[in-house]
1. What part of the accessible area of the stretch 30-169, given as a whole %, is carbon or sulfur when the probe is 1.4 angstrom?
2. Suppose R0 equals 22 Å; then what is the FRET efficiency for R65 and D156 from their Cβ-Cβ distance, rounded to the nearest 0.05?
3. Take a quick pass over the stretch 30-169 and tell me how many lysine pairs come in under 19 angstrom between Cα atoms, counting only ones 8 or more apart or on separate chains.
4. Please give the contour-minus-distance gain from E80 to Q92: 0.36 nm per residue of separation, less the Cα-Cα distance, rounded to one decimal in nm.
5. Under the √(5λ) rule applied to the eigenvalues of the Cα gyration tensor, what semi-axes describe the equivalent ellipsoid of the stretch 30-169? Give them in Å, descending.
Amino acid sequence: MKCLLLALGLALACGIEGIVIPQTPRALDIRKVAGMWHSMAMAASDISLLDAENAPLRVYVQELRPTPEDNLEIILRKRENSACVEGNIMAQKTEDPAVFTIDYQGERKISVLDTDYTHYLFFCMEAPVPTAESCVMCQYLARTLKVDNKVMEKFDGVLKTLPVQMRIILDLTQGKEQCRV
């Protein structure tokens, strides 16, 4: 009985810690991700993160700019009051070259899951939702707007490896919905 209670207590304590997002096994070369990108698909563990035009994580990445300090400036667009507005977020490097922290409605982590640097990049971000349950949003970025079904399938496969159930909520491969300033 004591072992059962201990196991239950550990499971609850570990569950509250947050979600561990597995990353690509190789080190991320921050300089190679520099440049223009297009949001091709968005997925989330909680539909409310993306369902409305002004949902908290419904952002369209436009460009990634590494800084001399190996931080990453993210240029993005987001709908506010029915208009597209451009903004930027400074992602601070961590000890892990594929993980960054940002201050967006509280401190959050961004993890690069996979990239080939020339065609696609997959990343996930902890959601700014004040709940005990951790929520995640992921995106598939591409260098061009050309649809690559194999990469979309790979993105779907990567989502299945995450410790939370993910749903692709926005498939932008048809060119719809891109926020333009």
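1. 49
2. Details: r = 28 Å, r/R0 = 1.29.
So the FRET efficiency works out to roughly 0.20.
3. Lysine pairs, 8 or more places apart or on different chains, close enough: 4.
4. Length gained between E80 and Q92: 1.8 nm.
5. On the way: eigenvalues 78, 68, 56 Å².
Calculated on Cα positions only, the semi-axes equal 20, 18, 17 Å.
The values are calculated or read from the model by the stated rules, or taken from the named source; none is laboratory data. Being a predicted model, the structure only gives us computed values, none of them experimental. Note that each Cβ is placed from the backbone with ideal geometry, even for glycine, and that neighbours are counted across all protein chains shown. Heavy atoms of the whole protein, side chains included, go into the accessibility calculation; ligands, DNA and RNA do not. Shrake-Rupley method; radii C 1.70, N 1.55, O 1.52, S 1.80 Å.
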